[in-house]
Every structure is written in C-alpha cells, then in structure tokens.
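J.: Have a look at this one.
Every read-out reported here was derived from the displayed coordinates using simple, explicitly stated rules and does not represent laboratory data. Keep in mind that what you see is a predicted model, and the values were worked out from it rather than measured. Virtual Cβ from ideal backbone geometry, glycine too; neighbours counted across all protein chains shown.
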C-alpha cells in the first residue's frame, strides 16, 4: 500500500479563478481575509469556500506509482455543436479517442425515438458508450402558469426519458425550471413535486434524473442546492442526483467548491468547460483555456466520491487539435488524483499492479480456457475490496460469456458479455496495464455479430473474433 501525502490545511477565502491560479503559480498561502468578505448575506455566501491550497503535481513526484484512477475524460455531443449534427458525433468522438459520451438533444426532432435508435446504432458502431442524455432547457417549462405549455413540457420530458432508455443511458440531465418559476414558496414546492414525478418515470427505466447547477435556473446558487439536497434527504430518494458544472457555478457568481460540497454524495455526472473572468463573452471554453483552477477542481471532484467521466462541454474542433490541448491540461491532473479518506488523510489500498491470480486468469483467457479463467480470477474478485474488483468481475463475465457462445447458449452469452463489457467499460482506456478500451471494443463487436446471427445460427459464430486481453508492458 502507498501512503498518500497529507491534504493541505483548509482556509476560508473569497473565490476568484484569477486568485486561485495566482496562488497555485506562486505557491502562496495567504490566510488573510477581509472582514467584509465574511458577511454571509445572500450575495456573498456563494463566494466563500473552505479550500485547500491545491497545487499541480511536482514533476516526478508520482513516478513508479500506478494508482487506480476513478476519473476519466468523456465528451458531450454539445462540444461539437453546431458544426457536427448530433447523430454523427459518436463517430467523431471515437475518432478523437473518446469512449464515453453525453448526448445533448438540440431540437424537437431529436426527441423522436427513431432518432434515438439512430444515435444508439451509430454509438455502438463507433464503440461509444452513451452515459447520459441532456435535455433541451426550453422544451420543459413544466412550471409554466399556462397549463398547456406545462403539460407539453412534461410530455417532452417523458420522450427524453424514452430516448435515454433507447440509447442505453443511465442518466438524464435537466437544468430545471427558471429562477423566476421558483421565486415563491409555492413555485419551489411545485418544483419539488414535478421533480419527484419525473424521477419516478426515470426510475422505471433504470435512469437517474440529474439536475445541473445553472445560474439562470432553479439550482444556480449554493443555497439553492443546499435547500434542494435537504428535501431529497427527507424523501430518501436515490433516483435523483446532481450534475456538477464548475463553469456554470463560477459564471453565476457561486463558488464551485461550495457547490460541489452542497451536492454531497449525490453527484452522478460532471461537465467541464472554462471561462475568462474578465471577458464574459469567453464562456464554454475548452478546459484549460480559461481561468478555472483545474488542479484543485479535479482533486475536489475525486474527493467527492464521484467516479466516471468528466464530460467535456467546451467547444472542440473536428481535427482533434483542441481535444489534444484539453488532454494536455486534464490528463496529468487525473493521473495525479488520489483517493482520500473522509479525514483528508489516508492510504491508497487499491492494487498498483495485477495480482498473480488475475495474471494467470488472463493467460487462461488468452488460451481460450474460459471456464478455468473464471475459477482463477473469481478468487481474486472475492479477495479484492476496492472498486477494481468490478474490473475483475467484468473479465470473468466476458470469459464465461464466450464459453456460452462456443457452447450454443445464446441468451447466456449475450447476457454475460453485455454485463461484463459494461463493467470493464468503467475502466477504459487502461487499468493496471490492461488495454481495457480494446477489450471493450472487440467484445462489443462480437456481441453485434451474435445478435446478427441470432439464437438459431449461433453455431456460425466465428471464434477467431474473440478478443485477447492485452497487457501493456
């Protein structure tokens, strides 16, 4: 096990992206806060934060330490708007090296189930997992005093849920109603009721409803998220979560770190883009092109318990130049993230290399001895207590799925290959040296062929298509 460095002491400071960047660059820790900054009225409460003086990793500090990373980079189809139509974004995302996406619905026509089927097919062909679907804010005025508009807003939300289900997404993103709509106690209570009703419909499809912090909408400020989270705690409803967007928080004058803290352990999705504080027209920029303090934000996101892709919303071009620049900014920060205990100090207990049992199981897998690999890796799966056990389980299921395919069990093969691939997909592009992205892509190709053949023709499945598990040296 590897000890993590201690977290820096927390201190209260007024938030400003320029201030955060200057502190990081000059390694300054200034505890002085003007008395006027501590007046906790409605305007200032969103601008105070308990924050560590997080610095970028020192060059060479983490050499030889291969930690389990729970954060990855994904991309929203909105990052390619308006130059690429939504249905073509999965292929473009794959060409730029992404494996997970959020699909942002841009028109009424994109709410059609047939369109969702097209996007889902294009994503499968590109090896893309659609993690979330983002609704179009203007189409869901569910609190409108004009009942027909409110009813049509609900109907469009139900269509969005259907589309998300078709695309295989587990999250539906909603900005919520406007701030004007929730400015009264009656409006706020109606918002809670409508949210619960929408979440119930989402839950019936295995989808989590995720509300985003957006300045012009209901949850634009820390106090709004705090009040909403308190109501959720009363209902004990796990079908509702939050989308954390640090850019939206900063643009609204809220502190991103306090916003994240207010969301607690209900963060299910994260959007990343940037802005320039001195020029309000420079917004929704690629991460790293603006003023937000990404080293501290990345650490805070990881420390919140969130696991998954940070969805890039800042505009990307089609030739990959901007995506490469984003990776230059974000990937070193993601690699440097540690998993801290709640006290801010702790031990990274996740393995830093594959244990012998898993290595032996992979050797058996590559020899096509799938049932034996299952028995070997299963012991490691039971022994492992960190999240990497999900990767081990996924490999087991893929192997047993191919065992079923080669023995004519169509339903068993499809069920296990699909479930196993979904588990391994949480660890792309690599984990503990395993080329997980390749394993996921090639296994999904096999699933496609099996579905084309169908149960009657499963004997025609070509064993040569079964992937090998590649380990990077």
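J.: By its C-alpha gyration tensor, with a ≥ b ≥ c as the square roots of the eigenvalues, how is segment 356-465 shaped: rounded for a/c under 1.5, else prolate for a/b larger than b/c, else oblate?
T.: Prolate is the answer for segment 356-465, as a/c is 1.5 or above and a/b outweighs b/c.
J.: When a footprinting reagent is the concern and you count Cβ atoms within 10 Å, what order do 100, 152 take, fewest first?
T.: 152, 100
J.: One quarter of the convex hull surface, Cα atoms only: what value does that give for segment 68-107 in nm²?
T.: Answer in nm², one decimal: 3.0.
J.: Which value in Å is the Kirkwood Rh of segment 71-335 over different Cα pairs?
T.: It is 18.5 Å.
J.: Mind jotting down the distance between the C-alpha centroids of segment 365-438 and segment 254-277, whole Å?
T.: For segment 254-277 versus segment 365-438, the Cα centre distance is 34 Å.
J.: Okay, moving on. Could you tell me what percent of the DSSP beta bridges with both partners in segment 71-335 are antiparallel, to the nearest 5?
T.: Counting only bridges with both partners in segment 71-335, antiparallel ones make up about 10 percent.
J.: Residue 83 to residue 151: extension gain in nm, 0.36 nm per residue of separation minus the Cα-Cα distance?
T.: Result for the pair: 21.2 nm of gain on full extension.
J.: Same structure again: Pulled fully out, how much extra length does the chain show between residue 277 and residue 457, if you take 0.36 nm times their separation in residues and subtract their Cα-Cα distance?
T.: 58.7 nm
J.: Quick check: the distance between the Cα centres of segment 86-140 and segment 205-229, to the nearest angstrom?
T.: 23
J.: Among 263, 136, 101, which comes first, then next, by fewest other beta-carbon atoms within 10 Å?
T.: 136, 263, 101
J.: While we're on this one: Of 184, 448, 418, how do they rank once you tally other Cβ atoms within 10 Å and put the fewest first?
T.: 184, 448, 418
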